[in-house]
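This report concerns only the one structure given below.
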């Protein structure tokens, strides 16, 4: 299996040239050219390549790390590296997917003891900061690419749909597992997970550029903004605020949500 994708490639500054080797029927490709692991060995190889890439990104920077260097450090062929990740940018997608999964699992464990919405929301946001902490030093290096709305690394892109869907589902759990959900308008309950994910994106943007020890300013931002967000959402259940809520929902639905990719790339 590990030799399946040993094909001739040129390794440029930014990743692959040409299409990845097509896997057989048992190894259908994932969205974006990522190969579907078939065995424990395949899973281990893919994880090894991803772990190696994350380490080299930290040591050398994203732009200066080539797929050839990653393959060499991981002890696999260059073609094999391209089999699992069609281009260097898909290593970042793999990183997004894994970190989002780890974040969701950690946040759900931490908030299992409480139904207070504000507390659950703060736990979810703080959990993201803790999960992402080891990668803070090199996060800004690929932020320029991720900030490009045409880039597949953008958190709003179709390529980022799997990680985004996992995160939105976490925020759905934050709300649905709270005492607040039954008190809110059903349409608002459906819309809020996406809005709470956008709140996380604001936290992420602040975190990327935060150079305080242990990103303390970002953590303080979470501590102060979360109760405010919870109070605003709580107020939305009162009749006097319904017109404002409807206007806000209209703005979000008409201008914000349409910019978010809703399907994974096939």
From the options 106, 173, residue that is outside the structural domain of residue 61 (by TED's automatic domain parsing) and closer than 26 Å to residue 211 by Cβ: 106
Pairs, first farther than 23 Å from residue 178 by Cα in segment 189-207, second in a helix (DSSP H, G or I), C-beta under 6 Å, six or more apart: 206/218; 206/221; 207/215; 207/218
Failed item in (1) buried (at least 16 other Cβ atoms within 10 Å of the Cβ); (2) in contact (Cβ under 8 Å) with a residue 24 or more places away in the chain, with residue 135 passing the rest: (1)
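Conditions tested, residue by residue: (1) within 11 Å of the chain's Cα centre (by Cα); (2) assigned to a helix (DSSP H, G or I).
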site: 151; (1), (2): no, no
site: 159; (1), (2): yes, no
site: 175; (1), (2): no, yes
site: 182; (1), (2): no, yes
site: 189; (1), (2): no, yes
site: 205; (1), (2): no, yes
Among (1) closer than 28 Å to residue 41 by Cβ; (2) out of contact with any strand residue (DSSP E or B) (no Cβ under 7 Å at 6 or more places or on another chain) - the single one residue 164 does not satisfy: (1)
Residue check for residue 126: touching a residue at least 24 places away in the same chain (Cβ under 8 Å), closer than 14 Å to residue 106 by Cβ and under 13 Å from the mean Cα position of the chain (by Cα): no
Residue match in segment 215-226 (condition: in contact with a helix residue (DSSP H, G or I) (Cβ under 8 Å, 6 or more places away or on another chain), under 30 Å from residue 88 (Cα atoms) and modelled with pLDDT of 90 or more): yes
Filtered residue count, segment 99-122, keeping only those that are in contact with a helix residue (DSSP H, G or I) (Cβ under 8 Å, 6 or more places away or on another chain) and free of Cβ contacts under 8 Å to residues at least 24 places away in the same chain: 3
Set 170, 153, 191: member being modelled with pLDDT under 95, farther than 30 Å from residue 59 by Cβ and touching a helix residue (DSSP H, G or I) at 6+ places or on another chain (Cβ under 8 Å): 191
Conditions (1) closer than 26 Å to residue 215 by Cα; (2) assigned to a loop (DSSP other than H, G, I, E, B): number failed by residue 115: (1)
Residue that is modelled with the lowest pLDDT [pool: residues in segment 49-92 that are in contact with a strand residue (DSSP E or B) (Cβ under 8 Å, 6 or more places away or on another chain) and not in a helix (DSSP H, G or I)]: 87
Pick from segment 232-243, criterion surrounded by 12 or more Cβ atoms within 10 Å (Cβ to Cβ) and assigned to a helix (DSSP H, G or I), ranking: modelled with the lowest pLDDT: 242
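The values are calculated or read from the model by the stated rules, or taken from the named source; none is laboratory data. From a predicted model like this one, the values you see are computed outputs, not experimental measurements. When we count neighbours, we look across all protein chains shown, and the Cβ atoms used for this are built from the backbone with ideal geometry, even at glycine.
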